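Have a look at the structure below before the remarks.
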Amino acid sequence: MKHISFFLFIIILSAFTLAQNIKVRDTIRVAAFQNIDVPPLVLTNILRIDYNIDLLDANLQKIRDCKNFTQKPKKEEWAKATAGQRGTTFILSIKESIEKTGTFYIRIAIKASGEKGGLNDAFYYAVIVENPTLAAPVTIRSDYFYSEKESFSFATVEFNDITAYSYKIEDSRGGVFLEGKGPIVKLDSVLKTISNVGQEMTVKGFYNGKQFSFIDPVTKAIKNSEWKFSIKEIDVDVFAGVWKKYDPKTTDEEGGDFASMSNNNARTIMFTLLGKKSDGSGYIFAKPEIRGSVQVSSEPAEFLAGTSTISYGTVWLNVKLNVSEDYLKALPPEGEEVKVTISFTTVFGTKVTKEYHATVIL
C-alpha cells in the first residue's frame, strides 16, 4: 500500500513540475461559458506549417481538440502566398469556451519550416476559468399570490452579450409555460394564469443555451442559474362599512350597528382579494374574479326588492343591495335587525359565503 501511495505521489509531483516548466506565453482569466479570444500567434517567413491545437487540464492532460480557429493565409491561399519559395507571415487566431471552472491550458503544437530554418515546438496559454458574478442579486420570493407582478434580471458582470441570454419557466407538471430571450424575466403572465395556482414554478437561466453557476454578489456563495417559487390562492377580504359580521352566538342578543338607508354607502358591501407577502414587505390587493353569479338574500326576505347590482372597481367587487322601498315605508322608527347573506364562487373554485347584520333605519 505504501508503494502505491508513493507511486501516486510521484505522478502528481511530476505533473506539477511539468506544469511549472512549460513556457506559458500568456495567462487569460475568463468566466465559465465566456468566449475566450486567445492572443494571436504570429510567425514570420514561414514556408510550410502543420499544427494541432489542444485543450489541456491543469495536469496537462488532453481534454479535447480546439476546433474554433482561423489562420492567415488560409490553406487554399497558402500556395500563392509562398510562391517562389518566399516565406509568409502566419497568423493563428483561436476562440474557445470552457464550461467548467479551474485552470486549463491551450497548447499549440507546431512543426514548420521557413526561410530561416525549421520549428518544432509547443506554445502554451494558461486559462483560469472562474464563475461569473451576478450583476445584481435576484430577490424573488419563495411564493407569490395569484395576480401579482414581478420581474428580475440574472445578467452577470462577465457575460456581456445580451443576445446570448435566454430563459424558460417550467411548472411542476413538467411543462414549459414560457420561454424568452435576454436576462430579464417577467413573471406577470405566469402569476395571472389561474391554472398555475398551486404550482411550483422553476425559472432556468441560460447563456449560449446552457445553464451556469454564478457568484452571488452579496453572499459570495456559488449558486446555479435556477430559481423556484410557488403560486398560491389569495383570500377574500371584505369592507362592509356599518354592516357587521354575523355571529349567531352573539348577534341575537346584542344586535347590529345602525345602518341608515338614506346613506347610499350603507347599501353597498365591498369585496377584495388581500394577501400579506411572505417576506413581510407589504400586502397585495386584487380584484375578485368570480365564476357564475353573486347570490344575495336577506332575513327578513322583504328587505330586498330583487337582484342586487354587481360592479367592479380597481380592486373591488361591489355588491349594491336592492333595498325595497315598500319595506322602508313600513319600517318602525327604532329600525329592525336585518341579516344579509352574500355568496359566490371565486375563480379558484372556492365557495365564499358571508353573513352580515345591522339595525336598519331610515
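In a reduced charge model with +1 at each Lys and Arg Cβ and -1 at each Asp and Glu Cβ, the chain shows a dipole moment near 2640 debye about its Cα centre. What you get for the range 22-130, charging only the Cβ of Lys and Arg (+1) and of Asp and Glu (-1), is a dipole of about 320 debye around the Cα centre. Gap in Å between the Cα centre of the range 194-219 and the Cα centre of the range 138-193? About 7 Å separates the Cα centre of the range 138-193 from the one of the range 194-219. Working from label points 7 Å from Cα in the Cα-to-Cβ sense, the ASN59 to ILE140 distance is 4.0 nm.
Using r as the Cβ-Cβ distance of GLU150 and LYS111, and R0 as 56 Å, what FRET efficiency do you calculate, to the nearest 0.05? Before the final figure, lay out each step's value.
Numbers: r = 59 Å, r/R0 = 1.06.
Once the sixth-power term is evaluated, E becomes 0.40.
Ordering TYR246, GLY335, GLY313 by Cα displacement along the dipole of the range 244-362 toward the positive end leaves GLY313 in first place; charges were set at the Cβ atoms of Lys, Arg (+1) and Asp, Glu (-1).
Go ahead and estimate [θ] at 222 nm for the chain from helices alone: -39,500 (n - 2.57) per DSSP H run with n ≥ 4, summed, over the residue count, rounded to 500. Walk me through the numbers on the way to the answer.
Values: 5 runs with 37 residues, N = 362.
Helix-only estimate at 222 nm: -2500 deg cm²/dmol.
What the Kirkwood sum gives for the range 273-355 is a hydrodynamic radius of 14.9 Å, with every pair of different alpha carbons counted.
Computed extension gain for LYS168 through THR314, at 0.36 nm per residue and net of the alpha carbon distance, reaches 49.4 nm.
Checked against a 29 Å cut-off, the cross-linked pairs LYS100/LYS149; LYS244/LYS287; LYS95/LYS228; LYS149/LYS210 give Cα-Cα distances beyond that limit for LYS100/LYS149; LYS95/LYS228. Projecting the Cα atoms of GLY84, GLN34, SER213 onto the charge dipole of the chain, computed from C-beta unit charges around the Cα centre, puts GLY84 farthest toward the positive end. Normalised by 2.2 N^0.38 Å, where N is the number of residues, the C-alpha radius of gyration of the chain stands at 1.79.
Once the C-beta distance of THR202 and ILE222 is scaled by a Förster radius of 22 Å, the resulting FRET efficiency is 0.70 to the nearest 0.05.
None of the figures in this text is laboratory data; all of them are computed from the coordinates on show. All figures in this text were calculated on a predicted structure; none of them were measured in a lab. We place every Cβ from the backbone using ideal geometry, glycine too, and count neighbours over all the protein chains shown.
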